[in-house]
Amino acid sequence: MIKFFRRIRQKLLRENQFSKYLLYAIGEILLVVVGILIALQINNWNESRKMHLQDIEFLKNLKTEFSIDISALAYRKTEYQRINENIKNTITLFDSRRQTLTPEEYQEIVLGLSQLQILTPINKNIGRNDLFIAQGTLDRIDKELNRRFITYLQNTQSINAAITKLGETLQQLNILYIHPNVDYNEINPKAKRIDFSYEEIFDKKEIRNALQASFRYRNSYINDINGLVEEAENLIILIDEKLAGAE
């Protein structure tokens, strides 16, 4: 092809047909320009298609992340509801001021006292998506989705920070008021998991207050979990809408 065009140029020059040569040169330049533009267009299309597929994969990963969050939050909510039920029953037994307990009631108090300090947030890991988020991928895909996602992260971080502080407070209450009154029997495997004198502790206000604080703090986190789950579910709906329009 190159030799063909070269022969045409040489022929026009030999015949001194400068006007035709000029038109030919312009046409050849235009042809090259058109070829470059077509090549750029194809390259842009390929890059756009590649980015589109990456965006779809990113959104699917993000949806998976929210689904994992929802499962983890639901599990934690169930766990903390169970602990709070034990603590509530323990407080009820203390308030009854009964002198004797059934084995089942004793076990209820064991659970309440041993789980009083349990309150930890769920650590969120965005390792598979944080690079894309840092590069502004989500903001480019959908600004509203990006805004809601940032709000979700901020709420999660704020709640986790607050729960961490409350959990540390419960640990201190446990050390100050529960440990001095119970024997956890950690070393002897044949001993009971926790041993205490019910008659000595059921009327101690500091123990009752520690249990009340534990119930209140954990119940607050349960309410926060409900809000986070709702936010995550709404984000999944938005992602599904984007995926439905993209695929």
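Each value in this text was obtained by applying a stated rule to the coordinates, not by laboratory testing. Since the model is a prediction, treat every value here as computed from it, not as a measurement. Glycine also receives a Cβ, built like all others from the backbone with ideal geometry; neighbour counts cover every protein chain displayed.
How far is it, in nm, from the label point at residue 118 to the one at residue 216 when both lie 7 Å from their Cα along the line to the Cβ? If labels sit at residue 118 and residue 216, their model points lie 2.2 nm apart.
Pairs from the list 88/124; 63/165; 143/242 with a Cα-Cα gap above 19 Å: 88/124; 63/165. Here the peptides 156-166, 93-103 are ranked by packing, the mean other Cβ count within 10 Å, and the order with the highest first is 156-166, 93-103. Here each label is just a point 7 Å from Cα along the line to Cβ, and for residue 71 and residue 139 those points are 3.2 nm apart.
Relative to the current alpha-carbon distance between residue 151 and residue 237, full extension at 0.36 nm per residue lengthens the span by 29.4 nm.
Calculate, for residue 101 and residue 64, the FRET efficiency according to 1/(1 + (r/R0)^6) with r their C-beta to C-beta distance and R0 45 Å; round to the nearest 0.05. Calculated transfer efficiency: 0.40.
Here the gap between residue 79 and residue 56, fully extended at 0.36 nm per residue and compared with their Cα-Cα distance, gives a gain of 4.8 nm.
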